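Student: I have a structure I would like to understand better, so I am pasting it below and will then ask my questions one at a time.
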Amino acid sequence: MFSGRADFFFAAIRTGCVPASARKRRFCPEMLIFVSVKQRIIMEKQCVLVTGGAGYIGSHTAVELIAAGYDVVIADDLSNSDLRAVEGVRRITGVEVPFEQVDCCDREALGRLFRQYRFDSVIHFAASKAVGESVHEPLKYYRNNLTSFLNVVELMRATGRPNIVFSSSCTVYGEADAQPVTERTPRKPATSPYGNTKQMCEDVLRDAVAAYEGLRGIALRYFNPIGAHPSALIGEQPQGMPQNLVPYVTQTAAGIRECLSIFGDDYPTPDGSNIRDYIDVTDLARAHVAAIRRMCGGARRADYEVFNIGTGRGVSVLELVRRFEQVNGVKVNHRIVGRREGDIVAIWADPTLANEVLGWRAERTLDQTLASAWAWQKHLCGME
Ligand code: UFG
């Protein structure tokens with residue numbers, strides 16, 4: 001994209017420095033030569049590469065980054081995602097977000113992307129994420145999740161890009177001894193190859209940041225992301241049979257699935273079903289903006305930090321299904337079946353560190369989130 005100094009200068013202005021409002025009004029880039037030096041320095045720090053940005057959490061994060069004033073480049077191989085998500089991001093934000101179809105395991109292609117765009121920060125979502133599949137195809141998970149992450153970190157080091165946010169998971173805690181879990185809760189051995197790749201990538205990031213001057217990293221440990229953007233223009237799009245609870249609930253309510261199976265009501269919890277910390281995906285997306293701000297703003301305690309991103313509230317499977325029915329006025333056929341292999345009994349977050357240090361907290365209520373999940377399902381089915 002950049003050939004020659006003048007091209008570089010104007011392309012940098014176009015891709016990195018032009019506020020969305022200006023671009024929409026078709027400002028002549030030359031006019032921006034007159035912005036003050038201070039403004040340019042601030043603006044030049046504002047481009048973020050979002051790998052896996054056509055996916056569920058990635059697309060919502062792209063929206064929140066743009067809303068917060070960042071420029072975004074989305075890279076995705078579309079193996080488990082859809083270009084419609086990128087279109088949704090563009091419609092919500094009114095910004096022609098650049099999209100590049102790139103497999104992060106392809107080092108050459110990823111290297112070209114690093115040469116093509118000016119960004120200082122990377123949010124790395126691109127990964128395989130089905131816990132059950134990872135048990136049956138561990139090598140696919142180790143190759144995909146580790147290779148792509150190593151490529152990104154190596155290229156960041158080689159090209160001097162300082163800030164990375166890694167998409168980690170509360171799965172790294174396994175079956176913790178006490179709830180809620182804090183970042184100091186010891187990680188237990190992973191219960192799946194997927195979980196193991198999250199632990200391994202966290203360790204890679206910790207060690208790389210310790211070894212390489214100028215590299216900074218934040219691992220965000222997500223609890224259970226659910227819901228959709230309030231516009232119902234982006235949301236979760238499971239391919240085939242949904243593996244996670246909420247898409248199965250919405251598809252059952254819409255009549256696509258006959259009956260939701262609830263995996264066990266004999267756990268040692270108040271109603272016998274598992275307990276999780278369900279976090280609205282737009283709240284989760286804003287946590288990434290807070291992490292990028294922290295790294296760009298230089299307010300870090302250490303060059304590698306870890307944060308729990310949850311609500312702090314545990315909700316049982318049965319409670320969630322009941323609330324979904326009440327909030328949306330629909331019926332979800334369900335039956336109790338046996339436990340699902342590998343499920344932990346209960347986990348929820350202590351999000352105090354993220355609240356205090358990142359200045360972030362979950363804001364949307366469970367009811368708002370369940371309403372957004374249903375609105376998105378109706379949008380997908382053309383039911384509005
Ligand atoms: N559940 C059902 N029926 C279903 C699907 C799920 O009863 O059809 C139950 C599960 O047994 C569990 C709860 O709903 O108790 C939540 O299950 P999900 O599959 O939605 O989520 P998990 O907690 O199993 O896993 C999620 C993410 C993982 C992540 C993990 C961290 O899918 O990527 O949280 O704990 F690693």
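Any read-out appearing in this document is the output of simple, stated calculations on the displayed coordinates, not a laboratory observation. Owing to the predicted nature of the structure, the values given are computational and were not obtained by experimental measurement. Here Cβ is always computed from backbone atoms with ideal geometry, including for glycine, and neighbour counts include all displayed protein chains.
Student: Step through the residues of segment 63-77 one at a time and calculate ³J(HN,Hα) from phi using the Karplus curve (6.51 cos²θ - 1.76 cosθ + 1.60, θ = phi - 60°), rounding each to whole Hz and writing x for Gly and Pro.
Tutor: Once θ is set to phi - 60°, the couplings for segment 63-77 become 4, 5, 5, 5, 4, 8, x, 8, 8, 10, 10, 9, 10, 7, 8 Hz.
Student: Can you compute the equivalent ellipsoid semi-axes for segment 67-107, i.e. the square root of 5 times each eigenvalue of the Cα gyration tensor, sorted largest first and rounded to whole Å?
Tutor: 20, 13, 7
Student: Which order do peptides 182-192, 48-58 fall in by mean Cβ count within 10 Å, highest first?
Tutor: Answer by packing, highest mean first, reads 48-58, 182-192.
Student: Express in whole angstrom the spacing between the alpha-carbon centres of segment 47-96 and segment 333-361.
Tutor: Taking the Cα centre of segment 333-361 as reference, the centre of segment 47-96 is 25 Å away.
Student: Another question about this same structure. So if I take the centroid of the Cα atoms in segment 256-290 and the same for segment 307-332, what is the distance between those two points in Å?
Tutor: What the calculation gives is 7 Å, centre to centre.
Student: In nm, what is the difference between 0.36 nm times the number of residues separating residue 112 and residue 179 and their Cα-Cα distance?
Tutor: In short, 19.6 nm is gained.
Student: With runs of 4+ DSSP H residues as the only contributors, calculate the mean residue ellipticity of the chain at 222 nm using -39,500 (n - 2.57) per run, divided by the residue total and rounded to the nearest 500.
Tutor: Using -39500 (n - 2.57) per qualifying helix, the result is -11500 deg cm²/dmol.
Student: OK, next. What does the net charge come to around residue 68 if you take all other residues with beta carbon closer than 9 Å to its beta carbon, with K and R at +1 and D and E at -1?
Tutor: That works out to +1.
Student: Then there is this: Starting with the fewest neighbours, write out 381, 104, 47 ranked by other beta-carbon atoms found within 10 Å of each beta-carbon.
Tutor: Neighbour counts put them in this order, fewest first: 381, 47, 104.
Student: Of the GluC sites (Glu not before Pro) in segment 189-257, which ones lie in a loop per DSSP and count no more than 14 other C-beta atoms within 10 Å?
Tutor: Filter output for segment 189-257: 213.
Student: Also, I was wondering about something else. Per residue of segment 261-268, in order, report the coupling 6.51 cos²θ - 1.76 cosθ + 1.60 (Karplus, θ = phi - 60°) as ³J(HN,Hα) in whole Hz, putting x for Gly and Pro.
Tutor: 8, 9, 7, x, 10, 10, 7, x
Student: What's the extension gain from residue 239 to residue 158 if we count 0.36 nm per residue and subtract their Cα-Cα distance?
Tutor: 25.6 nm
Student: Follow-up question, since we're still on this one. Which residue fluctuates the most in the chain, going by a Gaussian network model with Cα springs under 10 Å, if the choices are 210, 127, 291?
Tutor: Between 210, 127, 291, it is 210 that shows the largest mean-square fluctuation.
Student: Considering amide H positions built from the backbone, and no H for Pro or chain starts, which residues 5 or more places from residue 219, or on another chain, come under 5 Å of its amide H?
Tutor: Amide H neighbours of residue 219: 166, 305, 306, 307.
Student: Also, I was wondering about something else. Each residue of segment 373-379 in turn: what ³J(HN,Hα) in whole Hz from Karplus with 6.51, -1.76, 1.60 and θ = phi - 60°, glycine and Pro shown as x?
Tutor: With coefficients 6.51, -1.76 and 1.60, one gets 5, 6, 4, 5, 4, 5, 4 Hz.
Student: Based on a Kirkwood Rh over C-alpha pairs, give the Stokes-Einstein translational diffusion coefficient of the chain at 4 °C and viscosity 1.567 mPa s in µm²/s.
Tutor: The diffusion coefficient I find is 60 µm²/s.
Student: Taking Cα atoms of segment 310-353, Rg/Rh with Kirkwood Rh, to two decimals?
Tutor: Here Rg/Rh amounts to 1.06.
Student: So, how do all the Cα-to-Cα distances of segment 263-366 break down into 5 Å bins, in percent, from 0 on up?
Tutor: 2, 11, 17, 18, 15, 13, 9, 7, 4, 2, 0
Student: Where in segment 211-249 does the label zone of residue 367 land, with the point 7 angstrom along Cα→C-beta and an amide N cut-off under 15 Å?
Tutor: Under cut-off, by backbone N: nothing.
Student: In µm²/s, what is D for segment 224-288 at 10 °C and 1.306 mPa s, where D = kT/(6 pi eta Rh) by Stokes-Einstein and Rh is the Kirkwood radius from Cα pairs?
Tutor: The estimated diffusion coefficient comes to 117 µm²/s.
Student: On a 0 to 90 degree scale, rounded to 10, what angle separates helix 317-328 from the longest Cα axis of the chain?
Tutor: Roughly 70 degrees, rounded to the nearest 10.
Student: Another question, then. For each of 288, 334, 136, 124, count neighbouring Cβ atoms within 10 Å of the residue's Cβ, then give the residues from fewest to most.
Tutor: The most exposed by this proxy come first: 136, 334, 124, 288.
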